[in-house]
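Every number in this text was worked out from the coordinates using simple rules, so none of it is lab data. Since this is a predicted model, take the numbers as computed values, not measurements. Here the Cβ positions follow ideal geometry from the backbone for every residue, glycine too, while neighbour counts run over all protein chains shown.
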Amino acid sequence: MLKIRPVSDNDCRLLWEWVNEPQVRAFAFNSEPVPWVEHLEWFRKKRSDPGCSILILIDEKDTPVGQVRFDMESDKTAEIAISIASEQRGNGYGTEAIRLACDYLRRKNPVAEVAAYIKPENGPSIRAFQKAGFADRGKKVVRGQQAVWMNWGISS
């Protein structure tokens, strides 16, 4: 069973390692590796952004297994991004993490909808969001690329 906690400054390097894993880069809308200096700037910016929440997922041994980030798109809609550490994939954490993080967000912020944009070839992520109760809203161009648009909330 997973637990969730807000990100801390001590998580910066871990997030950088995770974001540069080959499979994460392959399914990202920008597949280029992220340089440390660029990540550090991004991390500081996100940590100070009141419209962003980064959460660390931890297992029963308090080992970090992944992260979920929410970026507010509007007053009532947040975009979700998730990644599970490579050595933890296949353990069923994706669906549990999505549900746990969305429940956490709803307690902290009265959002009406959470939107996920997933590259069409990322079948495991699409299935995890479906199992978590997200509805498939079709295709949408996101950051110049075709994406599967899924959502959770009042309109799902």
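Computed quantities for the displayed model
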| read-out | value |
| --- | --- |
| Number of positions in region 48-103 that are buried (at least 19 other Cβ atoms within 10 Å of the Cβ), within 17 Å of Phe134 (Cα to Cα) and of a type in the set (A, V, I, L, M) | 8 |
| Complete set of residues in region 129-153 that are surrounded by 13 or more Cβ atoms within 10 Å (Cβ to Cβ), in contact (Cβ under 8 Å) with a residue 24 or more places away in the chain and not in a strand (DSSP E or B) | Phe129, Lys131, Ala132, Gly133, Phe134 |
| Residue check, Arg5 within 15 Å of the chain's Cα centre (by Cα) and not hydrophobic (A, V, I, L, M, F, W, C) | yes |
| Selected residue (criterion: surrounded by the fewest Cβ atoms within 10 Å (Cβ to Cβ)) from residues of region 30-45 that are part of a helix (DSSP H, G or I) and in contact (Cβ under 8 Å) with a residue 24 or more places away in the chain | Leu40 |
| Tabulated pairs, region 54-71, first over 16 Å from Glu96 (Cβ atoms), second among the aliphatic types (A, V, I, L, M), C-beta under 7 angstrom, 6+ apart or interchain | Ile54/Val7; Arg69/Ile54; Arg69/Ala81; Phe70/Ala78; Phe70/Ile80; Phe70/Leu105; Asp71/Ala78 |
| Selection count where residues are under 15 Å from Glu41 (Cα atoms) and surrounded by 13 or more Cβ atoms within 10 Å (Cβ to Cβ), scope region 1-12 | 2 |
| Members of region 83-141 that are in contact with a helix residue (DSSP H, G or I) (Cβ under 8 Å, 6 or more places away or on another chain) and β-branched (Val, Ile, Thr) | Ile84, Thr95, Ile98, Val111, Val114, Ile118 |
| Complete set of residues in region 64-103 that are farther than 11 Å from Val114 by Cα and among the aromatic types (Phe, Trp, Tyr) | Tyr93 |
| Within region 1-29, considering residues that are among the β-branched types (Val, Ile, Thr) and outside any loop (DSSP other than H, G, I, E, B), the one nearest to Ala97 (Cα to Cα) | Ile4 |
